[in-house]
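First up is the structure itself, then whatever we jot down about it.
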Amino acid sequence: MSMLDDLDRALVHALHLDGRAPFSRIAAVLGVSTQTVARRYRRLRAEASLRVVGLADPERAGRARWLVRLTVSPHTAQEVAHALARRADSSWVKLASGGTEIVTVIHTPVGAAGNHPLLVRDIPRTASITAVSAHYVLHTYLGGPTTWRAHVDALTDRQQRDLKPPTGAAKPRQVVAESDHDLLTALQRDGRASHAELAAATGWSPATVARRLAELTAGGAIFFDVELNDVFFGATTHALLWMAVTPAHLERVATTLARHDELAFVAATTGPTNLVAHALCPDPAALHHYLTHRLGSLDAIRTLETAPVLRTLKAAGPVTPWPAVSDRSARPSPGAAEGSARTRAGRRPESPGHWNARSPARGRAGARVPGSP
């Protein structure tokens with residue numbers, strides 16, 4: 001497939017509003033048949049790497065996020081990146097800056113980063129990693145429940161009202177409990193998994209799954225995101241923007257950037273640069289225009305480093321070799337995952353304690369770095 005048509009875009013927008021909405025409800029709002037929506041969904045799964053994922057709000061789950069930049073030897077960069085992508089405590093693994101830099105988000109329990117083996121032991125001891133910087137994510141202005149505007153510009157106001165889940169009475173604030181682990185793991189792999197499938201994954205009854213899922217969603221503890229290869233939205237040029245902003249103006253600059261159509265992510269971080277953004281543009285000329293005209297007009301931005309993104313190996317959800325059981329008919333065609341968040345078939349996410357990148361100091365085949373199994 002080439003670019004998405006109007007119906008494809010409307011379906012993506014609908015899934016952002018309610019990732020678990022039945023196809024029949026989406027079809028009624030879009031004015032097409034249920035079969036048409038189901039067929040389009042399967043095609044987007046197979047050809048555009050579409051996936052709905054259920055994610056926990058980091059604050060409600062007691063998790064901290066570290067944006068980690070690694071400078072890696074060119075001949076080992078992809079191997080290290082794939083090792084990071086297979087980990088259960090990583091997300092948004094990207095190859096950047098000519099393929100010699102890896103950028104990823106590492107999730108740790110709040111206050112426990114000093115004991116996290118990947119950050120304090122495994123990465124520093126890997127010979128092919130020549131430089132490391134870790135930036136604590138302090139606040140997200142764009143990203144997570146709020147998405148890139150190109151994904152959510154296809155529906156009318158009335159259609160959006162009809163598709164948004166009913167709010168009902170105010171629900172008590174929810175936090176993610178340890179007992180929710182299996183449910184969240186299953187939702188991360190397939191946010192549209194049926195109650196029966198979630199019951200099988202958790203050992204709960206379907207009624208208990210439905211009740212807990214409703215509590216977590218209504219209470220703001222989890223949300224549903226839509227992963228998609230953004231090339232099909234015309235975004236062929238991606239870049240990470242590392243900015244140093246005068247602290248007194250950080251809030252104003254960040255909220256301004258969060259309204260820019262070119263950006264999909266804006267967050268305040270620790271470190272010599274205190275604001276990071278992810279730009280999605282149709283071509284290098286458009287990125288240049290954005291940097292020089294829109295960002296260039298913000299005097300509070302003291303410095304700017306631009307790191308072109310070559311490939312995203314993993315997005316928010318875990319890597320998967322093919323769609324979940326409920327959508328097996330939508331297996332991707334060979335090569336469809338290139339440039340998407342999926343990885344090579346047969347690989348499963350590794351537990352947070354495993355690190356399987358090879359070290360040139362230990363040889364090639366079978367080489368291990370500290371902490372590998």
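The values are calculated or read from the model by the stated rules, or taken from the named source; none is laboratory data. In this text, all values refer to a predicted model and were calculated from it rather than measured experimentally. Backbone-built Cβ (ideal geometry, glycine too); neighbour counts: all protein chains shown.
The table below gives the values:
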quantity: Selection from the range 147-164 of residues that are in contact (Cβ under 8 Å) with a residue 60 or more places away in the chain, assigned to a helix (DSSP H, G or I) and farther than 30 Å from Ala268 by Cβ; calculated: Gln159, Asp162, Leu163
quantity: Residues located in the range 133-191, provided they are more than 17 Å from the chain's Cα centre (by Cα) and among the β-branched types (Val, Ile, Thr); calculated: Thr156, Thr167, Val175, Val176
quantity: Some residue of the range 244-259 being within 25 Å of Val319 (Cβ to Cβ) and of a type outside the set (Val, Ile, Thr); calculated: no
quantity: Checklist (1) within 29 Å of Phe223 (Cβ to Cβ); (2) touching an Asp or Glu at 6+ places or on another chain (Cβ under 8 Å) applied to Val110, failing item; calculated: (2)
quantity: The range 305-316 residues that are over 14 Å from Arg69 (Cβ atoms), paired with ones that are charged (D, E, K, R) (beta carbon under 6 Å, 6 or more apart); calculated: Thr312/Lys94; Ala315/Glu227; Ala316/Asp225
quantity: Filtered residues of the range 190-211 (kept if touching a helix residue (DSSP H, G or I) at 6+ places or on another chain (Cβ under 9 Å), part of a helix (DSSP H, G or I) and among the charged types (D, E, K, R)); calculated: Glu197
quantity: Condition broken by Ala221, with the remaining ones in (1) buried (at least 20 other Cβ atoms within 10 Å of the Cβ); (2) free of Cβ contacts under 8 Å to residues at least 40 places away in the same chain satisfied; calculated: (2)
quantity: Condition met for Ala239 (surrounded by fewer than 20 Cβ atoms within 10 Å (Cβ to Cβ), under 19 Å from Ala285 (Cβ atoms) and touching a strand residue (DSSP E or B) at 6+ places or on another chain (Cβ under 8 Å)); calculated: no
quantity: Listing of strands (runs of 3 or more DSSP E) fully contained in the range 89-146 that carry 1 or more residues being out of contact with any helix residue (DSSP H, G or I) (no Cβ under 8 Å at 6 or more places or on another chain), on the phi < 0 side of the Ramachandran plot and of a type in the set (Gly, Ala, Ser); calculated: 90-96, 129-142
quantity: Exclusive hit being crowded, with 19+ Cβ neighbours inside 10 Å, more than 25 Å from Leu184 (Cβ to Cβ) and touching a Ser or Thr at 6+ places or on another chain (Cβ under 8 Å), set Arg86, Arg69; calculated: Arg69
quantity: Matching residues, the range 51-103, being farther than 13 Å from Gly317 by Cα and among the hydroxyl-bearing types (Ser, Thr, Tyr); calculated: Thr71, Ser73, Thr76, Ser97, Thr100
quantity: Test: residue in the range 288-295 that is closer than 27 Å to Val80 by Cβ, polar (S, T, N, Q) and either touching a Gly at 6+ places or on another chain (Cβ under 7 Å) or not in a loop (DSSP other than H, G, I, E, B) (or both); calculated: no
quantity: Pro145 vs. criteria within 23 Å of Asn274 (Cα to Cα), at pLDDT below 90 and surrounded by fewer than 19 Cβ atoms within 10 Å (Cβ to Cβ); calculated: yes
quantity: Filtered residue count, the range 212-255, keeping only those that are closer than 30 Å to Thr273 by Cα, part of a helix (DSSP H, G or I) and not β-branched (Val, Ile, Thr); calculated: 9
quantity: Qualifying residue in the range 165-185 (condition: touching a residue at least 12 places away in the same chain (Cβ under 8 Å), of a type in the set (A, V, I, L, M, F, W, C), assigned to a loop (DSSP other than H, G, I, E, B) and over 30 Å from Val231 (Cβ atoms)); calculated: yes
quantity: Matching residues in the range 198-218 - criterion: being buried (at least 19 other Cβ atoms within 10 Å of the Cβ) and under 16 Å from Val53 (Cα atoms); calculated: Leu198, Leu216, Thr217
